[in-house]
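Let me begin by presenting the structure, written as structure tokens, before commenting on it.
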Amino acid sequence: MKQTERHMKEILSRDIHISQTVDKRILDTYHLLGKRKARPKKNLGAAAAIAALCLVVPGVVYASSKTEFFQAMFGNSTKESHQAIPKEVDTGKGTTVDVILPSQEYVPVDEAKAEEAIGPWVSDTPIEKQIGSHTLRIESFAYDQNGGLMYFTLERKGGVTALFGDKDSNMAKGASFTEESDFYFTYETEQGIYGFDNIYIDTVKSTSDKMFCYSYLLWTEPLAADDLPHLVLNTYPCPIKEVTEETPVETEKIKLTDKAPIPVRIVDMGENGYLEYSPISLSVDMAKGFGLSLIEAQDPYYLTHLEIVYQDGSSYVVSDKENNVANSGYVLGSGTYYKTMFNRLTDVEAIQEIVVNDVRFSVN
């Protein structure tokens with residue numbers, strides 16, 4: 001069995017669970033775990049000699065890209081809030097289903113507070129990679145033990161053809177690689193932990209020749225403090241739609257950062273509840289404190305309400321199924337853990353409590 005195929009089988013065999021009603025629920029929430037539709041499922045052969053130049057861009061541009069990183073991942077200067085939207089969606093099985101796309105709210109980001117909260121852990125050395133006719137530039141990256149954030153651009157003279165995303169994909173499952181692309185990438189750490197993501201396309205800043213992309217990613221398992229994330233880049237000598245079992249693939253791992261993870265805080269109430277949170281993410285063990293069976297605890301559908309309540313009485317409603325609210329960058333179910341990336345920066349010093357369904361996690 002070839003290495004890439006083995007890795008994909010390992011991913012699929014890991015403890016990432018969704019219920020048998022996943023088709024309907026994916027259409028309902030649009031934020032559950034899913035594979036990129038253009039990612040080939042073939043048995044991939046030996047590496048081909050496809051040259052690609054990897055450049056380290058001088059840090060002189062750092063101040064600008066760091067400011068853009070805060071705005072891109074947490075701000076609302078180019079992101080538009082919207083109310084819940086009824087929609088008829090094709091299931092891909094010859095039928096359609098009526099769903100409601102949840103409302104999403106984006107808020108301004110205070111750059112000074114963002115710098116104080118996560119600035120020391122944001123990468124300051126952009127990486128540029130020429131991949132055939134496309135140029136991939138990773139502007140900034142930051143992560144904690146449960147998830148990460150990557151701000152990147154994809155550029156091609158004559159129009160970007162490798163990635164597709166628009167306003168509709170931003171409200172749904174994110175951008176995806178096309179069948180015309182001759183590459184795709186995933187995430188993996190040095191110790192073999194996989195990451196899955198949702199890519200938001202900035203439709204205000206993007207042009208046909210250059211896409212501005214904001215990736216919200218979550219790890220299948222918590223990372224050790226010394227486990228560094230990598231981008232796993234797979235390139236082919238042909239478009240993905242032409243890939244066969246005999247098609248060679250070149251796989252390269254690109255280290256995304258040398259920086260340590262953003263610190264995570266823990267609320268451990270024993271069997272009554274367990275939760276981890278940081279300024280960018282949250283992970284809660286649904287097997288503790290919610291009265292769920294083990295099977296139910298492994299289904300993200302059973303998290304019905306997630307809210308961060310601040311000391312001043314204000315709150316950030318991350319998710320509310322009853323009211324069709326989804327203010328997150330991405331959601332992943334891994335084992336009994338429900339993980340989410342926030343779509344805004346949270347002030348961990350100002351939190352009073354975190355409410356998950358009917359369980360209250362006091363942080364004081």
What's the number of the condition residue 210 fails, among (1) open to solvent by 40 Å² or more (accessible area, probe 1.4 Å); (2) charged (D, E, K, R); (3) closer than 29 Å to residue 294 by Cβ?
(3)
Answer with yes or no whether residue 360 is without any contact (Cβ under 8 Å) to a residue 40 or more places away in the chain and of a type in the set (Lys, Arg).
yes
Counted residues, region 194-204 - those being in a loop (DSSP other than H, G, I, E, B) and either surrounded by 20 or more Cβ atoms within 10 Å (Cβ to Cβ) or in contact with a Ser or Thr (Cβ under 6 Å, 6 or more places away or on another chain) (or both)
2
Given the conditions (1) open to solvent by 10 Å² or more (accessible area, probe 1.4 Å); (2) closer than 19 Å to residue 187 by Cα, and given that residue 108 satisfies all but one, which numbered condition is not satisfied?
(2)
Pairs with Cβ under 7 Å, 6+ apart, first in region 127-154 and farther than 11 Å from residue 229 by Cα and open to solvent by less than 10 Å² (accessible area, probe 1.4 Å), second among the basic types (Lys, Arg) and not in a strand (DSSP E or B)
134/156; 140/66
Enumeration of residues in region 170-199 that are under 13 Å from residue 330 (Cα atoms) and not acidic (Asp, Glu)
170, 171, 172, 173, 174, 175, 195, 196, 198, 199
Those residues that are assigned to a strand (DSSP E or B) and open to solvent by 20 Å² or more (accessible area, probe 1.4 Å), I need them from region 341-358; list them, please.
352, 353
Cβ-Cβ below 6 Å, separation at least six or inter-chain, first residue in region 265-282 and in contact (Cβ under 8 Å) with a residue 60 or more places away in the chain, second part of a helix (DSSP H, G or I) and open to solvent by less than 90 Å² (accessible area, probe 1.4 Å): which pairs?
279/117; 279/118; 279/348
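The values are calculated or read from the model by the stated rules, or taken from the named source; none is laboratory data. These numbers were taken from a predicted model, which means no experiment stands behind them. When we count neighbours, we look across all protein chains shown, and the Cβ atoms used for this are built from the backbone with ideal geometry, even at glycine. Heads up: the accessible areas ignore ligands, DNA and RNA and are worked out on the full protein's heavy atoms, side chains in. Shrake-Rupley method; radii C 1.70, N 1.55, O 1.52, S 1.80 Å.
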